[in-house]
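*Asks:* Below is the structure I would like to discuss, written out as structure tokens.
The values are calculated or read from the model by the stated rules, or taken from the named source; none is laboratory data. As the structure is a prediction and not an experimental result, all values here were calculated from the model. So basically every Cβ, Gly included, is an ideal-geometry build from the backbone, and we count neighbours across all protein chains shown. Just the protein is used for accessible areas: all its heavy atoms, side chains included, with ligands, DNA and RNA removed. Shrake-Rupley method; radii C 1.70, N 1.55, O 1.52, S 1.80 Å.
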Amino acid sequence: MSHKAHIPIGPYHPLQEEPEFYKLVVEGEKVVDVDVRIGWNHRGIEKLSEAKTFDQSIFIVERICGICSSSHPITCVQALEDLGGIKVPDRALYIRSIVQELERLHSHMLWAGLAGHFLGYNTVFMWGWKYREPICDIMETVTGNRQNYAMLKVGGVRRDIEKEHVPYILTRLDEFTRHLDMLRGAVLDDPVLHARLKGVGVLTKERAIDYAALGPTARASGVDIDVRRDHPYAAYDRVKWKVITQPEGDVFAKMVVRIMEMYESVSIIRQCLDKMPAGPIDSNPKDIPPGEGIGQAEAPRGECFHYIKSDGSNSPVRHKVRAPTYMNFPTFRETVIGQTVSDATIILAAIDPCYCCTERMLIVDKDDKDLFDIQELIRLSQEKTLKLKEKMGFK
Amino acid sequence: MGFKEKVLSKSIYAFHLSSGSCNNCDIEFLDTLTPRYDLERFGIIMVGSVKHADVLICTGSTNRLCVPRIKKLYEMMPKPGFVVAWGACGSSRGVFKDSYNTGAPLDEIVPVDVYIPGCPPKPEAIIAGMKKLVDKITVKK
């Protein structure tokens, strides 16, 4: 009879910033099952939001997740605008698109860095985080903060992009694109990465649809969905860009999708800065009528969805949030079963899980005897790359 | 200042603990370890186990699930050990103060040595905070 060992990952994991817990069941090297417990990051955001005024709840949802700190507010204000039938000035729409795309750039770059670390390419980790800095600088110039931008408000945006800032943004974007070209060359043409990631953690198109996967996870499996194109918001219907899809569904395809999306984002920002009309940035709505509203936006990880119900008072009666990782997470089980333990970390990283968005919970099984910790898993993953390199004649 | 503190202040090993944060403080912490800000030039590095750590860096709003674990991790940390409350949530529970799932404030769970406020603190503020921690350690009797 084969021996099944349980590998707990988390909840406190030295690299992944958030507390999370999942249990891998392995037979030798092979993963046969995985269990996920959620709630570690549960902060009761929905309930908190119901105790705040509409203006304050935008700040609360901004703190659902640090990486998506413009996706959640934009979804929330769109739900409120849908509810009240509020018009938004054109200039504000363009500014919203710019902030959204800047966020996507920094999120995807951050992901590329973390994926590099999991594979034993610590240089990519350092590069990814270093090349993300121009984007943080632009954010600081435009919004006043590196993270948590507080840019969105119902009926518009809080701050304008000044004319003097535009040349600065363009120069920093040039710098970013130069680094991105280099990173793309280094990552996508690397034969070791091809050998390591191709055919690993495959999510077929049918299964991606069954699991209702979203964002880059779905697009890498050939599902052509993108909220920015399917239900245009902000200024996405006024600029030219394309949705990147890859048919393979493996980890490599997810990497390609994210890297190519960064180019699209840069192009969207440039077009928005070019086309941005002059005018007011805020329509100053006075109150929110009773009713229901929904908002959708394409966060870096997929579709983000908010539902708000109002009874005509100054705070929401119900505020429901669905973050993209909630839909993407079950695909991890689908893709990891049958793979080796050393691939488990990168397959998980490939969906770019955001636990803050999803809010998770933990029960530790005290009977587990065979324990690996995450350091061990990362070491296994890094060793596999090293072995591959040796086999392929790299030093 | 004892011998242990003197040695410790030269190379601080930090363990990062996220107790229900929004991720921003954690991103900024990793950011300070990467080339632009590079905390390592001050001898500060992140370690994977609290048993190797001198400093417990605690971010987030101290979720109910995390409170017993923060206590346990503090007990597991070799002494002399120090605690840094990181960000608005670590210092005062921030916007999550009224939430039903927020436990006690961090400084009621473990003794806190340095507070770094901000939502999230900027990398420069983080470096200044770590400098203050070193100052605090070195002037201790």
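*Asks:* Calculate the dipole size of segment A:180-239 relative to its Cα centre from +1 charges on Lys and Arg beta carbons and -1 charges on Asp and Glu beta carbons; express the result in debye to the nearest 20.
*Replies:* Dipole size: approximately 60 debye.
*Asks:* HN-Hα J couplings of segment A:147-154 from phi, Karplus 6.51/-1.76/1.60, θ = phi - 60°, integer Hz, Gly and Pro as x?
*Replies:* So the Karplus estimates, Gly and Pro as x, are 10, 6, 6, 6, 8, 9, 9, 5 Hz.
*Asks:* Using mean Cβ contacts within 10 Å as the protection proxy, how do B:67-75, A:85-93 order, highest first?
*Replies:* In decreasing order of mean packing, B:67-75, A:85-93 become A:85-93, B:67-75.
*Asks:* Shape of segment A:61-126 from its Cα gyration tensor (a ≥ b ≥ c, root eigenvalues): rounded if a/c is under 1.5, otherwise prolate when a/b > b/c, or oblate?
*Replies:* prolate
*Asks:* Lys/Arg Cβ at +1, Asp/Glu Cβ at -1, dipole of chain A taken about the Cα centre: which of A:Ser49, A:Trp111, A:Ala5 is farthest positive-ward?
*Replies:* Looking along the dipole axis, the top candidate is A:Trp111.
*Asks:* Where does chain A land at 222 nm, in deg cm²/dmol rounded to the nearest 500, when only DSSP H runs of n ≥ 4 count, each adding -39500 (n - 2.57), divided by all residues?
*Replies:* -15000 deg cm²/dmol
*Asks:* Work out the length of the dipole vector of chain B about its Cα centre, built from +1 on the beta-carbon of each Lys and Arg and -1 on the beta-carbon of each Asp and Glu, and round it to the nearest 20 debye.
*Replies:* Roughly 440 debye, rounded to the nearest 20.
*Asks:* Give the residue list of trypsin sites (Lys or Arg not before Pro) in segment A:179-225 that are DSSP loop and have at most 12 other beta-carbon atoms within 10 angstrom.
*Replies:* Of the trypsin sites (Lys or Arg not before Pro), not one in the loops of segment A:179-225 has a Cβ with at most 12 other Cβ atoms within 10 Å.
*Asks:* In addition: Which of the lysines could a cross-linker bridge to B:Lys79, judged by Cα under 26 Å and excluding same-chain residues fewer than eight apart?
*Replies:* Hits, sequence-local ones excluded: B:Lys4, B:Lys6, B:Lys10, B:Lys51, B:Lys71, B:Lys131, B:Lys132, B:Lys136, B:Lys140, B:Lys141.
*Asks:* So the label point goes 7 Å from the Cα of B:Ile45 along Cα→C-beta, right? Which residues of segment B:54-91 then have their backbone N under 14 Å from it?
*Replies:* B:54
*Asks:* Classify segment B:57-141 from the C-alpha gyration tensor, please: rounded if a/c falls under 1.5, else prolate or oblate depending on whether a/b exceeds b/c.
*Replies:* Taking the square roots of the gyration eigenvalues as a ≥ b ≥ c, segment B:57-141 is oblate.
*Asks:* On the accessible surface of the protein assembly as shown, probed at 1.4 Å, how many percent belong to carbon and sulfur atoms?
*Replies:* 54 percent
*Asks:* What number does chain A give for Rg over Rh if you use C-alpha atoms and the Kirkwood radius?
*Replies:* Here the Rg-to-Rh quotient is 0.98.
*Asks:* For the protein assembly as shown, what is the percent of antiparallel DSSP beta bridges, rounded to the nearest 5?
*Replies:* Here the antiparallel bridges make up roughly 70 percent for the protein assembly as shown.
*Asks:* Treating the beta-carbon of each Lys and Arg as +1 and of each Asp and Glu as -1, no other charges, what is the dipole magnitude of the protein assembly as shown about its Cα centre, to the nearest 20 debye? Present the calculation step by step, with values, prior to reporting the outcome.
*Replies:* Values: 71 positive and 70 negative charges, 198 e Å.
Dipole magnitude for the protein assembly as shown comes out near 960 debye.
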